[in-house]
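A short write-up of the structure that comes next.
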Amino acid sequence: MRTFKLTPDGLKFIALATMAIDHVGCVLFPYQVGFRIVGRLAFPIYVWLLVIGFLHTSNLAKYMGRMAIFALLSEIPFDLAFFGRPDFQGQNVFFTLFGCLVMLRLFHRALQSQILPAAARYMLAAAVVFAFALLSLWLHVDYEFCSPFLAAGFYLCATGKQRTLLPAFSAFLLSLLIGKLICGYPVGPAVDTAVLEAFCLPSAWLIARTSGPRRIKKGKYFFYLFYPIHLLALYFVMTIL
């Protein structure tokens, strides 16, 4: 029996499709939870791809600049789709991913430091993650407090410092609950949010079965442009309906 395998390109298309399904549900069918359940797969996959990109990019500054540019370009479409008007109460996921890239750079440097003992390196790395978690919460970026924990856990797994993805997902869900409680949510809604996000766990199976090189080289900007374009399309559909 042949083992199911995915290429990085296939994994990226799954992330894109499940993200679109999630946004369709959130904008057009807010009471249909099935859309949101399917959409839980997208964010961990995008963070995993970000970590792999961080570890293999030949030009980190260019990668970070591209992420920052699309964060700015996507903010108005994001606001229109989810708030119906320009509104800075929440920032789009490109800001989240940009913050994770900056965090990964500092996290990597802390762990690779040659002047600090091992215990101090890990304490400094942990402090970097917590600092970016609090910054993300303060800036109200998408996924807020929990995204740096997921990115750090994926980094440790991708570099062989931990064997499985389970600790990363556990830290993600726990930090999500903590972040919601810090925001002042009652325990009920915060727990409900964490339960919904638990449907992200099948993405670990998809990530674990991904191997091989990327084959799509020329169309990478499609994946960046799809985000603001599909949000604008959802806004116009919502306006018509």
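Quick notes on this one:
- LYS5 accessible area, 1.4 Å probe, all protein chains in place, Å² to nearest 10: 130 Å²
- Dipole magnitude of the chain about its Cα centre (Cβ charges: Lys, Arg +1; Asp, Glu -1), debye to nearest 20: 1160 debye
- Largest accessible area first, the residues ARG121, ARG105 order themselves as ARG105, ARG121 under a 1.4 Å probe with ligands, DNA and RNA left out.
- Averaged over its residues, the chain has an accessible area of 53 Å² per residue, based on protein heavy atoms and a 1.4 Å probe.
- At least 18 Å along the helix axis (C-alpha) and Kyte average at least -0.5, DSSP helices within the chain: 8-28, 42-56, 60-83, 93-112, 118-139, 166-182, 220-240
- The calculated pair-distance distribution of the chain uses every alpha carbon pair, bins of 10 angstrom beginning at 0, and gives 7, 30, 39, 19, 4, 0, 0 percent.
- Averaging 1/r over each pair of different alpha-carbon atoms in the range 44-86 and inverting the result gives 11.9 Å, the Kirkwood hydrodynamic radius.
- Normalised by residue number, the volume inside the convex hull of the Cα atoms of the range 7-150 is 121 Å³ per residue.
- Sequence of MET238, MET67 when ordered by accessible area, the most exposed leading, probe 1.4 angstrom: MET238, MET67
- Taking all C-alpha pairs of the range 114-179, those more than 21 Å from each other amount to 26 percent.
The values are calculated or read from the model by the stated rules, or taken from the named source; none is laboratory data. Here the structure is a predicted model, which means the values were calculated and not measured. Note: ideal-geometry Cβ built from the backbone for every residue, glycine included; neighbour counts use all protein chains shown. Areas reflect the complete protein model, heavy atoms only, side chains present, ligands, DNA and RNA absent. Shrake-Rupley method; radii C 1.70, N 1.55, O 1.52, S 1.80 Å.
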